[in-house]
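Report on one structure; see the data block that follows.
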Number of protein chains: 2
Amino acid sequence: MSQFDNVSVVKQANVYFDGKCVSHTVVFADGSKKSVGVIFPSQLVFNTRAPEIMEINGGVCKVRRAGESGWKTYQAGEQFSVPGNSSFEIETLETLDYVCHFG
Amino acid sequence: MSQFDNVSVVKQANVYFDGKCVSHTVVFADGSKKSVGVIFPSQLVFNTRAPEIMEINGGVCKVRRAGESGWKTYQAGEQFSVPGNSSFEIETLETLDYVCHFG
């Protein structure tokens, strides 16, 4: 599915880490939210409040979740999950296009 | 109005000029499209196919439309229009958050 239908989109973008990460918030009829975005080549640390599932549409990244020693590589068509109230390190090797599913 | 309701959102971002401009496409029930996006501080030239109206949510830019000699400055709450099959130069002074209305 290349698009989300019957949703609302918040006009104002979310810009993090001086533009290394840009996303837009998508609100679903049930009130749940997702974000669609990109992460440019960089090494970043994201904190989570709700649990997250990062669905990769394009690009390549390496991820290390809090408390884990190893890095795992993910690419288009794959996804990774992160518990809530946690964090993950991400090294983007090729510009990442993603959907972040919250909750 | 801070969001668009009852729309579709294309998951994959539009990334132009090596990431200086990032947007997402929003599709309306009548089939018309808009994009929501950001332009980071830079000097760029955009070509238009359909006429465009650039609605500024945040930031500051200077714009010179094709065939015009003068630059005009626009900021949050303002908008500018560009004919179809034309172009405009834009110098973004502060990261621009915009909605582009096509047609």
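General remarks:
- Any hit, region A:66-86, residues being β-branched (Val, Ile, Thr), surrounded by 16 or more Cβ atoms within 10 Å (Cβ to Cβ), under 21 Å from B:Gly19 (Cα atoms) and modelled with pLDDT of 95 or more: no
- Among the candidates B:Phe80, B:Phe4, residue that is within 26 Å of A:Thr25 (Cβ to Cβ), out of contact with any helix residue (DSSP H, G or I) (no Cβ under 6 Å at 6 or more places or on another chain), within 10 Å of another protein chain (Cβ to nearest Cβ) and part of a strand (DSSP E or B): B:Phe4
- The set of residues from region B:41-56 being more than 10 Å from the chain's Cα centre (by Cα) and within 14 Å of another protein chain (Cβ to nearest Cβ) comprises B:Pro41, B:Ser42.
- In region B:21-40, the residues that are over 11 Å from the mean Cα position of the chain (by Cα), more than 9 Å from chain A (Cβ to nearest Cβ) and under 16 Å from A:Val15 (Cβ atoms): none
- Only residues that are free of Cβ contacts under 8 Å to residues at least 60 places away in the same chain, of a type in the set (Gly, Ala, Ser) and in a loop (DSSP other than H, G, I, E, B) were counted in region A:7-35, giving 3.
- Taking the criterion of being among the β-branched types (Val, Ile, Thr) and without any contact (Cβ under 8 Å) to a residue 60 or more places away in the chain, the residues of region A:36-59 that qualify are A:Ile39, A:Val45, A:Thr48, A:Ile53, A:Ile56.
- Residue list for region A:61-101, restricted to those being in contact with a Ser or Thr (Cβ under 7 Å, 6 or more places away or on another chain), of a type in the set (A, V, I, L, M, F, W, C) and closer than 21 Å to A:Val15 by Cα: A:Cys61, A:Val82, A:Cys100
- Contact annotation: residue pairs with Cβ atoms under 6 Å, 6 or more positions apart or on different chains, pairing a residue in region A:89-100 that is more than 11 Å from chain B (Cβ to nearest Cβ) with a partner that is outside any strand (DSSP E or B), are A:Thr92/A:Pro41.
- Residue list for region B:57-69, restricted to those being touching a strand residue (DSSP E or B) at 6+ places or on another chain (Cβ under 7 Å) and more than 9 Å from chain A (Cβ to nearest Cβ): B:Gly59, B:Val60, B:Cys61, B:Lys62, B:Val63, B:Arg64, B:Arg65, B:Ala66
- Count - residues of region B:7-20 that are facing chain A (nearest Cβ under 8 Å) and either of a type in the set (S, T, N, Q) or exposed (fewer than 14 other Cβ atoms within 10 Å of the Cβ) (or both): 2
The values are calculated or read from the model by the stated rules, or taken from the named source; none is laboratory data. Here the structure is a predicted model, which means the values were calculated and not measured. Cβ atoms come from the backbone with ideal geometry, glycine included; neighbour counts cover every protein chain shown.
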